[in-house]
Each structure stands twice: as C-alpha cells, then as structure tokens.
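Reviewing the structure listed below.
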Amino acid sequence: MTASPLPSALAADQVHGLLHQLTVIDVRTPGEYAYGHLPGALNIPLDQIRRALTDIRHAAERGDVLVVCASGARSQNACKLLAEQGIPSVTLTGGTGAWAAAGHDLHRPAAHTGRAAWGMERQVRLTAGTLVLLGLALGLLVHPAFQLVSAAIAGGLVFSALTDTCGMAALLGRLPHNRPRPTDLDATLTALRSG
C-alpha cells in the first residue's frame with residue numbers, strides 16, 4: 001500500500017507516476033479492452049465484478065487498486081460496488097480517454113491491432129440513434145404509434161443521464177462480442193490472485 005490513502009479519483013498524470021504500484025482493473029468490455037488499455041491492466045468487465053470480489057479483496061490487501069473504464073463512469077460505479085463490499089479502490093478521472101489524451105501509451109495486443117472494437121458509448125449511440133430513426137420512419141410509413149419507440153428511447157436517455165446508469169449499455173454488454181469467454185476471465189482472476 002502507499003504511505004497515505006489515495007483519494008477516490010486520480011488524474012492520468014498522477015496514475016502514470018504510480019502505475020507500477022497499482023493493481024489496475026479495467027471494467028470495460030473485452031472488445032474495448034483489446035482495442036487499448038493501460039499497461040498491466042486486467043480486464044474484469046463491470047458485470048463480472050461480483051464474481052471477482054474475493055480476488056479483488058486480496059489484491060487490495062497487497063496494494064492499491066485502480067479501476068479504469070473508457071470515460072470514468074463505469075469505473076465509478078465499480079468503485080461504489082467495491083466500497084459497499086469494504087474494498088478500497090480509486091478510479092482514473094476521464095478513463096482511458098484521458099490517459100491517451102495526456103500522451104500516455106495504451107497497450108494494444110498484436111492480435112487486435114487491425115480491427116477496431118467500438119467503445120460502449122459508441123455502441124449505445126448507434127443503437128439509440130437507430131431505434132429513434134426506426135420509430136420515426138415506421139411512425140410516418142406504417143402507423144403513428146411507432147413513434148412511441150422514439151419517445152421511449154428519449155425517456156431512457158434522460159433517465160440514464162439523471163441516474164448515471166445505462167440500461168442499454170447493460171443489454172449491449174451481454175452481446176457475444178462484448179462478453180469475455182469464461183477461460184479469459186478465469187485467466188484474469190488467476191493473474192489477479194498471483195499479483
């Protein structure tokens with residue numbers, strides 16, 4: 001552990017100086033993680049955090065735990081969940097986006113340099129936009145009641161902003177390309193245990 005407790009969030013330049021002392025957990029989807037992550041980060045998607053609580057607790061006993069995502073929202077949610085379980089952690093302000101913007105390198109496995117994975121925010125924007133356009137088009141061409149699809153998506157986006165949660169992201173996170181294979185998560189938990 002560091003000499004004094006870390007704050008609840010750290011900026012990219014602060015993390016850069018401490019990176020070798022931290023256990024870094026990336027809570028993005030496997031596709032997002034493969035596209036680029038902090039050096040040494042372990043991928044435990046947000047919806048799998050509960051499965052990894054015991055191993056994260058042991059890592060926190062050995063040293064400080066940094067939780068990372070694309071922008072900082074999912075990592076804040078993960079830190080809240082960990083805090084509820086008595087596991088101290090800190091988030092990277094602005095996520096991997098802020099890390100890259102500060103000029104720090106992201107690790108990109110060689111197998112994933114060709115095809116870019118879409119971040120969860122981009123997947124949500126595409127899905128929400130498509131559903132809104134579909135609702136409007138069907139409302140004009142088939143029946144006005146289809147415009148309720150657009151209204152429902154708009155309501156969901158407002159609710160998402162107010163609660164800092166995203167039901168659509170949770171649903172999209174369950175798609176096969178966003179889910180870790182069990183062997184991948186098991187290997188990550190093994191790596192987390194060995195510290």
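Rule-based calculations on the coordinates, nothing more; no lab input. All values derive from a computational prediction rather than experimental measurement. Here the Cβ positions follow ideal geometry from the backbone for every residue, glycine too, while neighbour counts run over all protein chains shown.
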Fill in: Whole-number percent relative contact order across the range 54-195, with pairs defined as alpha carbons under 8 Å at least 6 apart
21 percent
Worksheet item: Looking at PRO30, PRO45, LEU134, which one has the Cα that reaches farthest to the positive end of the dipole of the chain (charges on Cβ: Lys, Arg +1; Asp, Glu -1)?
Response: LEU134
Worksheet item: Where in the chain are the DSSP H helices whose C-alpha atoms run 20 Å or more along the long axis and whose mean Kyte hydropathy is at least -1.0?
Response: 120-141, 147-163
Item to complete: Return the distance in nm (one decimal) between the two label points of a simple spin-label model at ALA137 and ARG174, each offset 7 Å from Cα along Cα→Cβ.
Response: 2.6 nm
Practice prompt. Would you give the gap between the C-alpha center of the range 34-59 and the C-alpha center of the range 138-177, rounded to a whole Å?
Written response: 29 Å
Discussion item. Along the Cα→Cβ direction, 7 angstrom out, place labels at ARG193 and LYS80. What is the inter-label distance in nm?
Written reply: 3.1 nm
Practice prompt. Take every DSSP beta bridge with both residues inside the chain and express the antiparallel ones as a percent of the total, to the nearest 5.
Written response: 10 percent
Worksheet entry | Label selected from [x] 1.35; [y] 1.04; [z] 1.07, the criterion being Rg/Rh (Cα atoms, Kirkwood Rh) as computed here | [y]
Worksheet item: If the chain between ALA151 and ARG57 were fully stretched, how many nm would it gain, using 0.36 nm times the residue separation less the Cα-Cα distance?
Response: 29.6 nm
